[in-house]
Amino acid sequence: MKFIGTELLGVTIVEPDVFRDERGFFLESWRADKYAAGGIDATFVQNNHSRSALGTVRGLHAQKAHPQGKLVRVLAGAVLDVVVDIRRGSPTWLKWISVELTAENFRQIYVPGGYAHGICVISDMADLEYQCTDFYDAGDELRIKWNDPQIGVAWPQTEPILSGKDRDAATLAEQMDQLPVWHED
């Protein structure tokens with residue numbers, strides 16, 4: 001199993017060991033001791049599964065008072081997974097990364113609380129599963145406009161399918177006082 005650090009502190013790409021034979025495959029999608037040894041020492045309290053059509057963008061999302069760490073993987077199809085550092089004062093403030101997660105590459109990404117997260121579906125459809133370190137709280141939700149020019153994410157879609165909430169999301173500048181603050185650990 002490989003744990004690959006990124007330029008965003010704590011954001012980790014996981015490449016699990018996949019054991020294949022004539023029956024199919026087997027992998028451990030979560031094992032607390034191995035993931036902790038790889039730098040992901042998390043307790044998950046909620047597991048989510050979403051299905052989305054080609055061209056759908058979900059995000060950019062975060063929570064204010066109850067930030068969620070997320071371990072994300074694709075069960076079917078493919079997505080471009082995007083993580084943005086929205087922690088005010090962080091040395092990587094507004095930097096973003098993207099990684100392709102597919103059912104074929106088995107990659108996962110761990111996104112600690114304090115980052116904004118989003119996906120764009122790049123296959124006909126995609127099933128995404130993600131475990132969260134805190135519960136979803138609609139009243140605590142932070143939605144950032146998917147194409148906020150201050151961030152400049154290079155999405156593969158210019159006219160994506162969006163939920164009403166994502167279509168109406170505010171820019172960072174409009175909600176600066178609600179963003180998390182970076183604390184050096």
For segment 104-155, convex hull volume per residue from C-alpha positions, Å³:
134
Below 8 Å between Cα atoms, with a sequence gap of 6+, how large is the relative contact order for segment 83-166 in percent?
30
Only loop residues by DSSP count here, and only those with at most 11 other Cβ atoms within 10 Å; note down the chymotrypsin sites (Phe, Trp or Tyr not before Pro) in segment 107-185 that meet that.
PHE135
Out of every Cα-Cα pair in segment 1-53, what percent are more than 15 Å apart?
61
Per residue of segment 109-124, in order, report the coupling 6.51 cos²θ - 1.76 cosθ + 1.60 (Karplus, θ = phi - 60°) as ³J(HN,Hα) in whole Hz, putting x for Gly and Pro.
10, 9, 10, x, x, x, 9, 8, 9, x, 9, 10, 7, 10, 10, 3
Segment 149-164 - phi-based ³J(HN,Hα) in whole Hz, Karplus 6.51/-1.76/1.60, Gly and Pro as x:
x, 5, 8, x, 4, 8, 6, x, 10, 9, 9, x, 7, 10, 6, x
Among HIS66, HIS183, rank each residue by its count of other Cβ atoms within 10 Å, from fewest to most, as a rough exposure measure.
HIS183, HIS66
Whole-Hz couplings from phi, Karplus 6.51/-1.76/1.60, listed for segment 59-70; x for Gly and Pro:
x, 8, 10, 7, 10, 7, 7, 10, x, 9, x, 9
Please give me the summed charge of the neighbours of LEU128: other residues whose Cβ is under 9 Å from its Cβ, Lys and Arg +1, Asp and Glu -1.
0
Cβ crowding within 10 Å averaged over residues, with 80-91, 13-24, 164-175 ranked highest first:
80-91, 164-175, 13-24
Are there GluC sites (Glu not before Pro) in segment 71-153 that DSSP puts in a loop and that have at most 14 other Cβ atoms within 10 Å, and which ones?
GLU104
Computed magnitude of the charge dipole of segment 2-178 (debye, nearest 20; Cβ of K, R +1, Cβ of D, E -1):
160
Hull surface divided by four, with the convex hull built on the Cα atoms of segment 34-185: how many nm²?
9.0
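Quick note: the coordinates plus some simple rules give every number you see, no bench work behind them. Because the structure is predicted, anything quoted here is derived from the model rather than measured. Cβ atoms come from the backbone with ideal geometry, glycine included; neighbour counts cover every protein chain shown.
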